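The values are calculated or read from the model by the stated rules, or taken from the named source; none is laboratory data. The structure presented is a predicted model; accordingly, all values stated were derived computationally and were not measured. Here the Cβ is made from the backbone with ideal geometry for all residues, glycine too, and neighbour counts use every protein chain on show.
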Amino acid sequence: MERSFHREIEALKLGQGDTFHGEGILAVTKALLQSGVTYVGGYQGSPITHLLDVMVQARDYMDELGVHVEACTNESSAAAMLAASIMYPVRGAVTWKSVVGTNVASDALSNLASPGVMGGALIVVGEDYGEGASVIQERTHAFAMKSALWLMDPRPNLPTIVRMVEKSFELSEASNTPVMMELRIRACHVRGSFDTKDNIAPAISTRQLQMQAANFSYDRLSHPPATFRHEKLKYEVRLPAARRYIVDSGLNEHLPGRHEDVGIIVQGGLTNTALRALQLAGLADGEGHTDVPMLVLNVVYPLVPEQIADFCRNKRAVLVMEEGQPDFIEQEINAHLRRAKVDTALHGKDLLPMGGEYTAEVLLKGIEAFMAEHLETVDVQPARALSTEVAQLRAQASEALGGGVPQRPPNFCVGCPERPVFAALKLVERDTGKLHISTDIGCHSFATFEPFSFGNSILGYGMSMASSAAVKNFSAQRPVAIMGDGGFWHNGLLSGVSSALLNQGDGVLVIMKNGYTSATGTQETISTPEQEAKQLAEGNSATATETTIEDTLKGMGVKWIRTVHNYRVARVRDTLKEAIRSPFKGLKVVIAEGECQLERQRRLKPIRARRLKEGLRSVRVRYGVDEDTCTGDHSCIRLSGCPTLTVKASSDPLRREPVAHVTNGCVGCGLCGEVADAAVLCPSFHQIEVISNPGWWDRVSDRLNRFFIGLLQPA
Amino acid sequence: MSPSNAPFTILIAALGGEGGGVLADWIVECAVRQGLPVQATSVPGVAQRTGATSYYIEMLRQPATGAAPVFALSPVPGNVDALVASELLEAARMVERGFVNARTTLVASTHRVYTTLEKMHMADGRHDPQRLAGAAQALAGRAVLFDMDVLTRRHGTVVSAVMFGALAGAGVFPWPREVCEAVIKDSGRGVQASLAGFGAAFDAAQGGVVDAEAAAALTAAELPQALRHDWSARLKAWPEAVQRLAAHGALRCLDYQNRAYAQTFLERVDALVRACPPEAEVARDEAIRHLALWMCYEDVIRVADLKSRASRFARVRSEAEARPGEIVRITEHFKPGPDEVAAVLPRALGEALVRLAERRGWMGKAHFGLHIRTSSLWGFLMLRTLAWLRPLRPRSLRFAHEDEALRAWLAAMAHLAPRTPRLAASVAGLPQVIKGYGDTQVRGRQNYARLWATHVKPALVGEVDDAASALALEQALRATLADPEGTLNTAHARTPAAAQPIFWAPRRPGGDAAPSSPNA
């Protein structure tokens, strides 16, 4: 795994009277233990990855408590784990990135929500509309509404997040309904502190076994006619129970303010941003005291009609701050107010944008408009001036910079084994012309950025093969589907490979065998190299000897499989070309093997350091470009895109264009040399070997070489 | 938002994999150790792979007194106090997004990591670094730019340690350097290299060298080591001419009032330096000179203090060519009036006295002569007693008036310097019309008030053409200085000038958003 959570694991062990300092998502992890969970599962993905990673690394401690931790193969299997809470009084939590993960899990979620739960069940999802979001612009809220799952959206400070985790289990048990908690990306990564409690070892656990399986109960199955009763229970029993609990436990917060004739209803997760916007408008102070009364919805579904009506009654106007679209909450509030015959003017998406992240700047504009209409007594000028100032600032910046600065999207790491495959693919296109490329989720989707710009569709994790199923039937040239091993095991094996085999479909699938789910932090899959293989491989690729993927494909009946080592760019190019042009009708799989460089370097660094320390001979390899032969056309960069292959000013007074240059960050993967060879680029590239602690032979040969060269060398 | 609870905000712009998260953790840890409320957030996501990424920290600069503060999770344009960027384009990106303004101390590396788009160009797709740096310098209140990459490699560390040192060196943290270093030490990995990188960046961020004359002045003043260190660090950031003026000015203010007062002076200098573009260099230097003089206006306390010093005694002695064994006596001739007395009284009392004196017609008349022999114990004690009033000075009537006018003048400078350096240069020289004591000073004040009302104020609200008003003020200033008797005042005054002897400057010139001095 990419990150070590040694310190965080210690923080999980804190007890009554201690203070936890750390990230929001790790506070959730701690809160789960304080709530006495029996089991935890999930599938990694930003921003909730750390919740699971830290638990996986803390296995020994989890075992001590009797808590079972499962790194699931996808969100569907994580959601299905919650079935344990249907029939047993055990608490459980699962986590994934929403909304994508919730889509994958939704089958299990529907059938979990139907019978409801006995033990508290919590689903922690990462949600975002902002700059860090790769999540599509949909809302977990919709899932909560359609399946009747309760949805928490806590204020983004650690004490509230922790309290809401604990209350979620109680809410879940009080209403026999699973609870979801959405956390925005910045809330997951927020650093703060809270006072901890002792962890609770669950009553039923891996250490306290349940001796007898639960009795058969048809009522607990999602199967008709039980499901008709479930539906009735949802709105007649569970929903009222949930609303009662929400009110009785004070889950939503009412912040009083002196302008009592107006108000703001805000999603809990937006509260801090809303308060900052109010502060900028001169309507709040730094401690969160607001002039405009606020109803903070730490539970955004269900709403409590009486609570909403009570808040709005006697107010002329209320502004709803609800991030994302459609405006589920605003619509619901409207309905509740109509029924309660409260005629408060309701604003929301009319003054605030329908989509996009609600930053303080965005909210300020909405508040400004709301003030102008309903807060005549307050001077709106300062708020307006601020907005104008920001606009002017941006204009000034744009002028000073002379236009926009270029984007810097994420890229393959230095030495990444996936880059050569795309370099090869670019070379293939020189022969075949433009190819249809079905792309997938994972590190390899960085190939959609410059200099590669590959990909015609991204449909979902492990879906690339399936998404070329129709295209391949009407394309003169075979399309290429690209998938990582993470995506392959998550979904691609079934939705892509088995479907192609069932339909005897033609097609080309490239599987990036790097050994890990690298994009989310190099979590393990079932084809991750064994510890032994890694030790044997040392600095070499440990995935070379790992054949689980090949064996699986063979076992399923794939006839055309080629495994190539990524760094042999010419070989990769030829194999790809062969797959595209082969007369063989049927699925052709190219397995591009090359272990994740992050893992390799992590293994290699200590080995290297140890060798140097022990005075053992060691060789460091890197590449270089000769400045005097480089013509500065940068085609090497267009084929590689390595961060260490860059440009620098030429020292030649006759040249004005910058020359290519390899920085010292080079790990010597050799791609640039390979590309220069395969693409017949230019003679400027060279490999440099640096020998530390040379042996006698190194020294003798070096001396001899230099002596003779010296005799012949011109100045 | 009231300044007392406005959070201090730090934005970190970096590339994925550079350890921006570690840096954020370090800063949080420092704040926690100092007992300061703090919150940090980030959006690492997939940007971990060399893409642009950012981390955001909010904290209070003092421990929370009341309720815990509510911190926001993302930066608001125009509301970032400190921004550190590990690379020049990333600094520019933040400038582009509106996160850099006069409030911001921008600390950025000048080295470039080219984006793929720039690199893959057939010829030269690189952005002009001058332009990027220029934008950063133009918009930031203060820009500290140096090559962090060189330091990172030289010390075999990661850029996060260098960025940490740069922020500390730029003086943005409300805690001393040692706290940062202790946190690095306790972080456990690569400590030596991190510390080396931190230290190098700390020095680099302090930038430049202390001008020799300024350094000599500081050394000669025999300041406590910590203070000299602190001041030198501040001076380094400024041009040499400013350093000399600032060193002398700070020493003067220290001597005049106290350390905090000198600190205020340096902060005002800093604000002037920030406000003045290179074209306004003349205005800047002139303004700093006058700032020092103005802040150390001569009142009874100051005079008494200066006169009762041993150095003065020695000087008098040597000027009198007194030989060893000879006795020297010094007698002072004072003639204070009600206004001088009122000046050192607490504001309310002083105002009452002024009103009384005006009603009774004492003003300008009721002076009483005092001959004090400073060389006698009695006289000396009298002077020292007056000098001991020094701590009360900031509450005095005169101080209140001077300070108010001074702030208005500083705000005008900040407003005019970037817009019209020529006019700013004249305004910078405006305080020279206030000179001396007694009547001279009253005239000077009237002159100042007249020039302010007729030239500066219209220029601030933009009623007149800048070039024309610069010329007009230059001429008026020359004429005023050539008019020791103050005839111009009576000629111009619509109302008797003496009727408004004290409030001769508006509170905020032009009523616009021109930044005033940092502690205004």
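Structure notes:
- Selection from region B:326-363 of residues that are assigned to a helix (DSSP H, G or I) and among the hydrophobic types (A, V, I, L, M, F, W, C): B:Val341, B:Ala342, B:Ala343, B:Val344, B:Ala348, B:Leu349, B:Ala352, B:Leu353, B:Val354, B:Leu356, B:Ala357
Condition check ((1) part of a helix (DSSP H, G or I); (2) surrounded by fewer than 23 Cβ atoms within 10 Å (Cβ to Cβ); (3) out of contact with any Ser or Thr (no Cβ under 9 Å at 6 or more places or on another chain); (4) within 9 Å of another protein chain (Cβ to nearest Cβ)) across all residues:
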| position | (1), (2), (3), (4) |
| --- | --- |
| B:Val22 | yes, yes, no, no |
| B:Asp25 | yes, yes, no, yes |
| B:Val32 | yes, yes, no, yes |
| B:Gln39 | no, no, yes, yes |
| B:Ile57 | no, no, no, yes |
| B:Ala64 | no, yes, yes, yes |
| B:Val70 | no, no, no, yes |
| B:Leu73 | no, no, no, yes |
| B:Val76 | no, yes, no, yes |
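- Qualifying positions in region A:520-563 - polar (S, T, N, Q), in contact with a strand residue (DSSP E or B) (Cβ under 9 Å, 6 or more places away or on another chain) and surrounded by fewer than 18 Cβ atoms within 10 Å (Cβ to Cβ): A:Thr547, A:Thr563
- Check on A:Gly507, at positive phi, buried (at least 20 other Cβ atoms within 10 Å of the Cβ) and touching a residue at least 12 places away in the same chain (Cβ under 8 Å): yes
- Per this entry, A:Thr629 is counted among residues that are polar (S, T, N, Q) and part of a loop (DSSP other than H, G, I, E, B).
- In region A:268-324, the residues that are out of contact with any Ser or Thr (no Cβ under 7 Å at 6 or more places or on another chain) and closer than 17 Å to A:Arg339 by Cα: A:Pro302, A:Leu303, A:Val304, A:Pro305, A:Glu306, A:Gln307, A:Ile308, A:Ala309, A:Asp310, A:Phe311, A:Arg313, A:Asn314
- Qualifying positions in region B:109-131 - within 7 Å of another protein chain (Cβ to nearest Cβ) and either more than 27 Å from A:Phe446 (Cα to Cα) or part of a helix (DSSP H, G or I) (or both): B:Thr116, B:Leu117, B:Glu118, B:Lys119, B:Arg131
- Filter pass, A:Val56 being more than 16 Å from A:Asn199 (Cα to Cα) and in a helix (DSSP H, G or I): yes
- Pairs with Cβ under 6 Å, 6+ apart, first in region A:317-346 and within 22 Å of A:Glu368 (Cα to Cα), second of a type in the set (Asp, Glu) and part of a helix (DSSP H, G or I): A:Val320/A:Glu330; A:Glu322/A:Glu330
- Of the candidates B:Glu279, B:Glu267, the single residue that is under 23 Å from B:Arg177 (Cβ atoms), in a helix (DSSP H, G or I) and of a type in the set (Asp, Glu) is B:Glu267.
- A single entry from B:Ala262, B:Ala287, B:Ala314, B:Ala250 fulfils the requirement of being over 30 Å from B:Ser426 (Cβ atoms) and either outside the structural domain of B:Arg390 (by TED's automatic domain parsing) or part of a helix (DSSP H, G or I) (or both): B:Ala314.
- Candidates A:Cys666, A:Cys596 - the one that is within 14 Å of chain B (Cβ to nearest Cβ), surrounded by 16 or more Cβ atoms within 10 Å (Cβ to Cβ), closer than 20 Å to B:Lys119 by Cα and out of contact with any His (no Cβ under 7 Å at 6 or more places or on another chain): A:Cys666
- Summed over region B:132-153, the residues that are over 29 Å from B:Gly78 (Cα atoms) and facing chain A (nearest Cβ under 9 Å) give a count of 1.
- Checked against the criteria, B:Arg390 counts as at pLDDT below 90 and within 30 Å of B:Phe313 (Cα to Cα).
- Among the residues of region B:8-17, those identified as crowded, with 24+ Cβ neighbours inside 10 Å and within 11 Å of chain A (Cβ to nearest Cβ) are B:Ala13, B:Ala14, B:Leu15.
- The one condition from (1) out of contact with any strand residue (DSSP E or B) (no Cβ under 6 Å at 6 or more places or on another chain); (2) outside the structural domain of A:Val508 (by TED's automatic domain parsing); (3) closer than 30 Å to A:Arg622 by Cβ that A:Leu425 does not meet is (2).
- Qualifying residue in region A:307-316 (condition: surrounded by fewer than 23 Cβ atoms within 10 Å (Cβ to Cβ), free of Cβ contacts under 8 Å to residues at least 24 places away in the same chain and assigned by TED's automatic domain parsing to the domain that holds A:Leu363): yes
- Pairs, first surrounded by 20 or more Cβ atoms within 10 Å (Cβ to Cβ) in region B:106-123, second assigned to a strand (DSSP E or B) and among the charged types (D, E, K, R), C-beta under 8 Å, six or more apart: B:Leu106/B:Arg142
- Residue ID - farthest from A:Val390 (Cα to Cα), chosen from residues in region B:155-187 that are within 12 Å of chain A (Cβ to nearest Cβ) and assigned to a helix (DSSP H, G or I): B:Asp186
- Residues being away from chain B (no Cβ under 14 Å) and either assigned to a loop (DSSP other than H, G, I, E, B) or under 26 Å from the mean Cα position of the chain (by Cα) (or both) - total across region A:354-377: 5
- Once region A:395-406 is narrowed to residues that are more than 7 Å from every other protein chain (Cβ to nearest Cβ) and at pLDDT 85 or above, the residue that is nearest to B:Gly98 (Cα to Cα) is A:Ala395.
- Restricting attention to region A:604-624, the residues that are at pLDDT below 80 and within 13 Å of another protein chain (Cβ to nearest Cβ) add up to 0.
- When region A:80-93 is filtered for residues that are of a type outside the set (Phe, Trp, Tyr) and more than 19 Å from A:Arg184 (Cβ to Cβ), the ones remaining, listed by number, are A:Ala80, A:Met81, A:Leu82, A:Ala83, A:Ala84, A:Ser85, A:Ile86, A:Met87, A:Pro89, A:Val90, A:Arg91, A:Gly92.
- Verdict on A:Val262 being over 16 Å from A:Val378 (Cβ atoms) and either more than 34 Å from the chain's Cα centre (by Cα) or assigned by TED's automatic domain parsing to the domain that holds A:Lys365 (or both): no
- Only residues that are part of a loop (DSSP other than H, G, I, E, B) and crowded, with 24+ Cβ neighbours inside 10 Å were counted across region B:139-154, and they come to 1.
- Taken together, the residues in region B:90-99 that are surrounded by 24 or more Cβ atoms within 10 Å (Cβ to Cβ) and either more than 7 Å from every other protein chain (Cβ to nearest Cβ) or not in a loop (DSSP other than H, G, I, E, B) (or both) amount to 6.
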